[in-house]
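The values are calculated or read from the model by the stated rules, or taken from the named source; none is laboratory data. Because the structure is a prediction, the values reported are computed rather than measured. All Cβ positions, glycine included, derive from the backbone under ideal geometry; neighbour counts span all protein chains shown. Heavy atoms of the whole protein, side chains included, go into the accessibility calculation; ligands, DNA and RNA do not. Shrake-Rupley method; radii C 1.70, N 1.55, O 1.52, S 1.80 Å.
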Amino acid sequence: MAASAINTKAVPIHFLCGSDEDAVKKAAAALAQKLAPTDGMNFETIDGRADTADGAVKSIQQLREAILTLPFFGGGKLVWWKAVNFLDETGVGRHASVKEALEELRPDLEKVDGTSVTVMISALGIHKGRTFSKALLKLAQAKYFDLPDLRKTSEDEIIFQIEQRMKAAGLKAGPGAAERFFQATGIDTSLWSQEIEKLGLFMAEEKREVTREDVNKVISGSREVLVWDFCAAVIGGDAKVALTQLSALLAQEESEVGILILLAGQVRLAALGAVLRENKMLRLVSRGSFSSAEVSQAGEAYLPRKKSGEPISTYALGQAAQKGRQRTAEAWFKALALIYQAQREMLSGTGDKRRTLEWVVVEIVAGS
């Protein structure tokens, strides 16, 4: 995300772009307000969203006309080409007619002087290899706003970003609050803004930290959150919560075998965390309102690998290790044996799948 303010002095074309649609919208709206002429008649907005090639060509033509039409009563004019969705190689942007229309737009953009006419473009993406794109980026002052890339950014970093956004909204995240928020919303920054605003309204009369329970009340539970809560309750030894969440999942017609497979994955992480912890290869550390795992170089050799060959993120490992820290690796291996036994029974068709699943939950929680 952008870290510095955009310089608005004598810039003929401003270009704001990125995968973080919400951040692009906010930055563009703020810049438009800053650049807006005194006379509202000199501010023109053109919709850049198009579902068809014809729609895109029409939008480009409207921009060209707006650039070439000077204000009737003098003064500077601002043209905002808003939410353009065809500057990349996906969807409408692939069509030859759209590419041709963009090339025809180039000479008009070159005439924009930043005095009589200023152009602002906000877009959802851009293919930087195109001739038009290269020309645009040479003419414009560009700013990019991209979503966190989980291939390069850890979940811990994303949770820290959520804490910072809460702080900017006047909210202080208590232990587990930002982590819970991340579990419920993922990396949808548009949803972040909506839910943080709701949290602000919810906490308006409260002079305290936002708790995990506050987040639960404000953000409705998704299937992913229910699965997370179920597995966390089993690993944490809370049979009542685990069985409640299990009932909720089954009420949503989740597969018993599917739930068991997801639970097995989390129990394997708890077992791995215990092995690494017992061999002093893993350390749980607090960062802000949540805990994360630090794995030694020797311990990284035991981490599961992605298809790319890179080790998995330690975020999920840290959560499982934190929840299951009261048990030994041997206890978690016994839990895995129970899960495999239950899986065999389910797949063989013997017994009731729901009762088998409830049985394995109770047995794991009891430490058998």
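Which residue, of 301, 293, 274, 320, is among the small types (Gly, Ala, Ser) and either at pLDDT 90 or above or open to solvent by 80 Å² or more (accessible area, probe 1.4 Å) (or both)? Answer to the check: 274. Let me spell it out: the conditions are (1) at pLDDT 85 or above; (2) within 30 Å of residue 336 (Cβ to Cβ); (3) surrounded by fewer than 18 Cβ atoms within 10 Å (Cβ to Cβ), and residue 233 meets all of them except one. Which number is the exception? With respect to (1) at pLDDT 85 or above; (2) within 30 Å of residue 336 (Cβ to Cβ); (3) surrounded by fewer than 18 Cβ atoms within 10 Å (Cβ to Cβ), residue 233 is out only on (3). Just one of the numbered conditions (1) free of Cβ contacts under 8 Å to residues at least 40 places away in the same chain; (2) open to solvent by less than 70 Å² (accessible area, probe 1.4 Å) is not true of residue 205: (2). Hey, could you check region 227-278 for residues that are part of a loop (DSSP other than H, G, I, E, B) and more than 25 Å from the chain's Cα centre (by Cα) and say which is nearest to residue 329 (Cα to Cα)? Ranking the qualifying residues of region 227-278, first place goes to 237. Scanning region 342-367 for residues that are over 22 Å from residue 275 (Cα atoms), part of a helix (DSSP H, G or I) and open to solvent by 30 Å² or more (accessible area, probe 1.4 Å) returns 343, 344, 345, 347, 348, 353, 354, 355, 358, 359, 362.
Taken over region 186-201, residues that are farther than 16 Å from residue 124 by Cβ and acidic (Asp, Glu) amount to 2. Among the conditions (1) in contact with a helix residue (DSSP H, G or I) (Cβ under 7 Å, 6 or more places away or on another chain); (2) surrounded by 15 or more Cβ atoms within 10 Å (Cβ to Cβ), the only one that residue 200 does not satisfy is (1).
Based on this model, can you work out whether residue 327 counts as charged (D, E, K, R), modelled with pLDDT of 85 or more, within 21 Å of residue 254 (Cβ to Cβ) and open to solvent by 40 Å² or more (accessible area, probe 1.4 Å)? The answer is no for residue 327. Per the conditions (1) in a helix (DSSP H, G or I); (2) out of contact with any Asp or Glu (no Cβ under 7 Å at 6 or more places or on another chain); (3) surrounded by 14 or more Cβ atoms within 10 Å (Cβ to Cβ); (4) not aliphatic (A, V, I, L, M), the sole criterion not satisfied by residue 193 is (2). Just name the residue that is modelled with the highest pLDDT out of those in region 106-127 that are touching a Lys or Arg at 6+ places or on another chain (Cβ under 7 Å) and surrounded by fewer than 19 Cβ atoms within 10 Å (Cβ to Cβ). Residue satisfying both the conditions and the ranking: 108.
For region 155-176, the criterion of a residue being open to solvent by less than 50 Å² (accessible area, probe 1.4 Å), among the aromatic types (Phe, Trp, Tyr) and either at pLDDT below 90 or in contact with a strand residue (DSSP E or B) (Cβ under 8 Å, 6 or more places away or on another chain) (or both) is satisfied by no position. Within region 33-79, take every residue that is open to solvent by less than 70 Å² (accessible area, probe 1.4 Å) and in contact with a His (Cβ under 9 Å, 6 or more places away or on another chain) and give me the one that is farthest from residue 188 (Cα to Cα). Looking at residues that are open to solvent by less than 70 Å² (accessible area, probe 1.4 Å) and in contact with a His (Cβ under 9 Å, 6 or more places away or on another chain), I get 57. Taking region 183-198 as the range and being over 30 Å from residue 253 (Cα atoms) and either among the charged types (D, E, K, R) or over 17 Å from the mean Cα position of the chain (by Cα) (or both) as the test, only 197 passes.
Step by step: first the residues of region 208-217, then only those that are part of a helix (DSSP H, G or I) and open to solvent by less than 20 Å² (accessible area, probe 1.4 Å), then the one that is farthest from residue 160 (Cα to Cα). Which residue is that?
Taking the candidates together, the pick is 214.
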